[in-house]
1. Need the failing condition index for residue 503 against (1) within 16 Å of the ligand (Cβ to nearest atom); (2) part of a helix (DSSP H, G or I); (3) more than 30 Å from residue 677 (Cβ to Cβ), just the number.
2. Among 466, 470, 454, 482, which is the only one that is assigned to a helix (DSSP H, G or I), assigned by TED's automatic domain parsing to the domain that holds residue 546, in contact (Cβ under 8 Å) with a residue 60 or more places away in the chain and away from the ligand (no atom under 16 Å from the Cβ)?
3. Can you tell which of 155, 151 is within 12 Å of the ligand (Cβ to nearest atom) and in contact (Cβ under 8 Å) with a residue 40 or more places away in the chain?
4. Looking only at the stretch 131-154, count every residue that is surrounded by fewer than 24 Cβ atoms within 10 Å (Cβ to Cβ), modelled with pLDDT of 95 or more and under 20 Å from residue 249 (Cβ atoms) and tell me the total.
5. Would you check which residues across the stretch 181-206 are assigned to a strand (DSSP E or B) and farther than 28 Å from residue 328 by Cβ and list them?
6. Within the stretch 311-357, can you find the residues that are crowded, with 20+ Cβ neighbours inside 10 Å and closer than 26 Å to residue 703 by Cβ?
7. Residue 438 - would you say it is surrounded by 13 or more Cβ atoms within 10 Å (Cβ to Cβ), over 30 Å from residue 46 (Cα atoms) and in contact with a helix residue (DSSP H, G or I) (Cβ under 8 Å, 6 or more places away or on another chain)?
8. Being more than 27 Å from residue 632 (Cα to Cα), more than 13 Å from the ligand (Cβ to nearest atom) and not in a helix (DSSP H, G or I) narrows it down to one residue among 608, 563; which is it?
Ligand SMILES: *Cc1c(COP(=O)(O)O)cnc(C)c1O
């Protein structure tokens, strides 16, 4: 902790505060979150929940008061005890279930990880999934290390112009404000790895992020020794052109494997989270050949120990590069693989229409023994989409399975819900939350208690939205219409629909505006008002997505909706927490079957926010008939315009005839009994099945453990 050397010494009773602040395990565990919340609540809020920043800024008097506060000290002691237990992982699920695999580990490669908002190295769902996977692996004691990128400028902050055009603002991360430290090799020296790139060598710093038992190792090329353009390579997530992208992927895959070696970590299994990291395979084949294997033996061994998860049914979402571009940048990477260069390049060859290219997903598919999609429906779509990989093999026989995504419960459940669960499911509900039987306890929660928590969560959301609008008004001096668009006129008692996701065509953010007058009537009904809160970023290079955002923003500015359509800018983990917990309904209307899974709806459902969704992705498995609604236009496969029109009709009908009337059907005490039945069913059916716990156990039992239990055939 020498980065803290310049801080005033902490009282001896609080000496481990920096240690707790710099292990992001705290962010996923309520006892630990409460330590910082309680230490200085105002600072906690002002720093957007960043304990590292808090420790730099906190007044000595507050620290002194905390050191003398017995209740605080008890909380602090309990959090540290839990952290120590999490790190030791003694008696964990993994240790008990797989004692014979002790000492082995899994490397999980991902281009983004969303662990906490203070570490902005994620763009969206892919990163959140990776972050939740790591947190849950830690809770289960699974020996996993994550490998990714440390982007010094991260992903952008979103600002929206008066006309609704997205502006990307990049900020340089202040390293001392984040829970990140240099990774040290076995010799105690700072770990730096060298990656051949084209005709030169690029150095990458290795950083370490702690998440309890799980460590993340992140690469960053911003070193003095590198040329200025190479220093920029890792600057931003998804910020550059194709050339930048292929170089980033070489650094992630090849540099990542080399970094693990330098750190003395020898994973038994490599999990590629999306195709971005597939160059892992190149370095591993090369290492095996160096150790004496033939190309075929090396490839066979790698197939046995590689797990690949694919995430998108949208063809353009799969990285492909011209062979010329790939060869140019791989020039220095071949080494002993040189004689097999054509065979390696053939592993990536795929014609997605428009000629053969080097396709990262094709490379991953041909190199992984276990390939999975992220929902049952996405599995089928993937088998169809990549039919060219398995000529003559019928769809059901193609080797792509599925592990449906899940969300990390203790990260996403609201504190007030947690209290309610503790009371009715038992204090240790979190320990066995993937047991469906446990959740029958939800039925015993009195309506009054459940409704009071739901209303409270909606109020927190409105406080949050209002404070943001106030900031835009007082700090940025935005004009009045934009203060309204930011949500100032929202009604804290009205039915609130949430829609937060990346702006991309297939997600159809404007579907609900298909018939503006009909929507305006629905929102402005005097005694049963409704309102919609939008949030989401468009990919910085996606002008089509930015136009979608702009059209939504213009609706938020349009007086016909009475200030009942709001846009909350700069969607990130922090905003997501308030939205998924505080809305009443979570809307999801992609053009089926283009949403591979979706996870925001799961986060909402476990907080008692029923899902109103197209039957796509996880909802095709999650909908039971009584835990939300499925929007059925009934025209799948027709031209887009016809499908969209039919889906919009179905959405209006559900809102007018089901959602709004149920929400406002109150008894003499003002309690919406029928609505609360939905809230309960939503929690009861989603929490056990769509949790990261169920997901990680499935990965371990079906993918990791079988790969680890076999004899190694190649050195
Ligand atoms: C959960 C989450 C996502 C992914 O949500 P989808 O439903 O898959 O669109 C994206 N961004 C943030 C910040 C999230 O928390």
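1. The number of the failed condition is (2).
2. 482
3. 155
4. Selection size over the stretch 131-154: 1.
5. Initial filter on the stretch 181-206 (assigned to a strand (DSSP E or B)): 181-182, 184, 190, 192-197, 200-206.
Of everything in the stretch 181-206, those that are assigned to a strand (DSSP E or B) and farther than 28 Å from residue 328 by Cβ turn out to be 181, 182, 184, 190.
6. 311, 312, 313, 318, 319, 320, 344, 347, 348, 350
7. yes
8. 563
The values are calculated or read from the model by the stated rules, or taken from the named source; none is laboratory data. Because the structure is a prediction, the values reported are computed rather than measured. Every residue, glycine as well, gets a Cβ built from its backbone with ideal geometry; the counts of neighbours run over all protein chains shown.
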